[in-house]
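**Student:** Right, I'll just put the structure down here and ask away after.
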Amino acid sequence: QTLRIQSESEMDEQIQDHLAELFADTDAVLINSQLEAKNFLDSGLSMIQMAGVVLGGFLIFMGILNFINVIFTNVYSRQKELAALESIGMTQTQIRKTLILEGVYYSFITILLLLTLGSVISYLMSMLIQNVFYYLQFSFPIVQVAVILVIMLIICVITPVIAYQSIAKESVVERLRK
């Protein structure tokens with residue numbers, strides 16, 4: 001009732017095609033092949049990966065928007081303090097450098113959390129998924145993480161400068177009156 005054929009992996013497709021030709025005329029023989037199962041699972045895996053990419057992209061986008069919001073709110077809430085510093089002699093260039101350093105500190109804290117806590121969480125999530133899909137393997141996405149870290153560092157440097165430029169359009173006296 002059952003015929004199991006074990007072959008070299010490069011012969012799998014040829015054997016499957018030959019068996020399909022032999023039994024093409026009969027409905028009594030059902031052919032199940034690991035090659036077909038693997039192809040089916042690979043298509044499912046690509047769908048899972050695509051969903052992961054979409055979800056990850058959405059979370060990254062939301063995180064970037066949240067960071068930009070925090071920086072803008074921080075600069076606007078310290079508007080009086082920055083104007084007071086400027087009124088006692090701190091130049092706008094020095095204020096920009098201070099805000100850039102603050103953004104760099106934020107990015108380094110985030111990078112540290114991402115590389116430690118985020119990596120552990122990713123690994124644990126992959127272990128949970130491996131309980132269902134045993135053929136999956138965890139691999140750390142070094143290139144993707146490096147690209148995200150560079151983008152994050154650029155955003156952390158540019159955002160405070162843009163926020164400060166938007167409030168520095170008014171004179172120091174006008175900013176102190178607020």
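The values are calculated or read from the model by the stated rules, or taken from the named source; none is laboratory data. On a predicted model such as this, the values are computed, not experimentally measured, just so you know. Positions of Cβ are backbone-derived with ideal geometry, glycine not excepted, and every protein chain shown enters the neighbour counts. Ligands, DNA and RNA are stripped out before the accessible areas are found, and what is left, the full protein with its side chains, is counted by its heavy atoms. Shrake-Rupley method; radii C 1.70, N 1.55, O 1.52, S 1.80 Å.
**Student:** Taking the stretch 88-178, which chymotrypsin sites (Phe, Trp or Tyr not before Pro) meet the DSSP loop condition and have no more than 15 other C-beta atoms within 10 Å? Don't skip to the end; give the middle numbers.
**Tutor:** Working: sites: Tyr105, Tyr106, Phe108, Tyr123, Phe133, Tyr134, Tyr135, Phe138, Tyr164; in loops: Phe133, Tyr134, Tyr135, Phe138.
Those satisfying the criteria are Phe133, Tyr134, Tyr135, Phe138.
**Student:** Per the 1.4 Å probe, what fraction of the accessible area of the chain, in percent, lies on carbon and sulfur atoms? Before the final figure, lay out each step's value.
**Tutor:** On the way: 8840 of 13420 Å².
In the chain, the share of accessible area belonging to carbon and sulfur is 66 percent.
**Student:** For the stretch 113-120, take each phi angle, set θ = phi - 60°, evaluate the Karplus expression 6.51 cos²θ - 1.76 cosθ + 1.60, and give the result in whole Hz per residue in order, putting x for glycine and proline.
**Tutor:** Result, rounded to whole Hz: 5, 5, 6, 9, 5, x, 5, 5.
**Student:** Using alpha-carbon positions, what is the distance between the centroids of the stretch 1-67 and the stretch 117-178, in Å?
**Tutor:** The stretch 1-67 and the stretch 117-178 have Cα centres spaced 35 Å from each other.
**Student:** Computed over the Cα atoms of the stretch 27-67, what is the convex hull's projected area averaged over all directions, in nm²? Write down the numbers at each step before the final one.
**Tutor:** Details: hull surface 13.9 nm².
Hull-based average projected area comes out at 3.5 nm².
**Student:** Something else about it: If I ignore ligands, DNA and RNA and count only protein heavy atoms, how much of Asp12 is accessible to a 1.4 Å probe, in Å² to the nearest 10?
**Tutor:** Looks like 60 Å² after rounding.
**Student:** Per residue of the chain, what 222 nm ellipticity follows from adding -39500 (n - 2.57) for every DSSP H run with n ≥ 4, rounded to the nearest 500?
**Tutor:** Helix-only estimate at 222 nm: -25500 deg cm²/dmol.
**Student:** Could you work out the local net charge near Glu174, counting Lys and Arg as +1, Asp and Glu as -1, over the other residues with Cβ closer than 13 Å to its Cβ?
**Tutor:** Numbers: positive: Lys80, Lys169, Arg175, Arg177, Lys178; negative: Glu86, Glu170.
Cβ neighbours under 13 Å give a net charge of +3.
**Student:** Taking the alpha-carbon set of the chain, what are its Rg and Dmax in Å?
**Tutor:** Rg, Dmax (Cα atoms, Å): 28.7, 94.
**Student:** With every protein chain kept in place and ligands, DNA and RNA left out, what is the accessible area per residue of the stretch 28-170? Probe 1.4 Å, answer in Å². Show your work: numbers first, answer last.
**Tutor:** Numbers: 9940 Å² over 143 residues.
Computed with neighbouring chains in place, this is 70 Å² per residue.
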